[in-house]
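Let me begin by presenting the structure, written as structure tokens, before commenting on it.
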Amino acid sequence: MSTPSSENPASPPLRTRASAPEMLSRNLALVGLIALFLLCLAWELWLAPTGRGTLGVKALPLLIPIVGLWRYRLYTFRWLSLMIWLYVAEGAVRATSDRGPSVPLAWAELALSGLIFTACALHVRQRLAAAKQA
């Protein structure tokens with residue numbers, strides 16, 4: 001079986017290894033995403049549930065990008081950096097309007113969302129710069 005670079009000599013060779021900064025930004029985004037998922041679940045089901053805990057459903061969309069981040073899919077990093085703003089908005093609203101144990105949980109959600117956005121944005125910039133150099 002031939003590789004795409006052998007079929008077309010003008011196409012650049014495929015990269016097989018990610019650089020250390022790319023791996024770091026991917027790992028930060030992945031760990032932050034898993035931590036945000038666990039925080040959202042724990043918040044709505046055990047720590048400070050609202051109603052019957054039905055808001056725990058808000059954590060389910062965070063499961064979708066985990067596989068894409070694990071496989072270094074650039075498209076996943078791009079759309080996750082946009083989707084995470086929903087969690088930033090929710091954290092900002094609840095940090096300023098709720099009372100009790102929800103306030104520190106909302107600040108933690110804001111911090112994790114900021115970490116995920118920063119890691120995704122850095123990863124996209126690094127990947128595009130590496131593609132431009134290749």
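Helix 20-42: angle to the longest alpha-carbon principal axis of the chain, degrees 0 to 90, nearest 10? Helix 20-42 sits at roughly 30 degrees to that axis. The translational diffusion coefficient of the chain, from Stokes-Einstein at 25 °C and 0.890 mPa s with a Kirkwood hydrodynamic radius over alpha carbon pairs, comes to 150 µm²/s. Provide the FRET efficiency to the nearest 0.05 for the Leu38-Val67 pair, computing r from the beta carbons and using R0 = 25 Å. Given R0 = 25 Å and the Cβ-Cβ separation, E is 0.90. In the chain, Cα pairs under 8 Å separated by at least six residues give a relative contact order of 31 percent. With the simple model of a label 7 Å out from the Cα in the direction of the Cβ, Leu60 to Thr118 spans 3.2 nm.
Readers should treat all values here as calculations from the given coordinates under stated rules, not as data from a laboratory. Small disclaimer: the values here were computed from a predicted structure and weren't measured. Note that we place each Cβ from the backbone using ideal geometry, even for glycine, and neighbour counts take in every protein chain shown.
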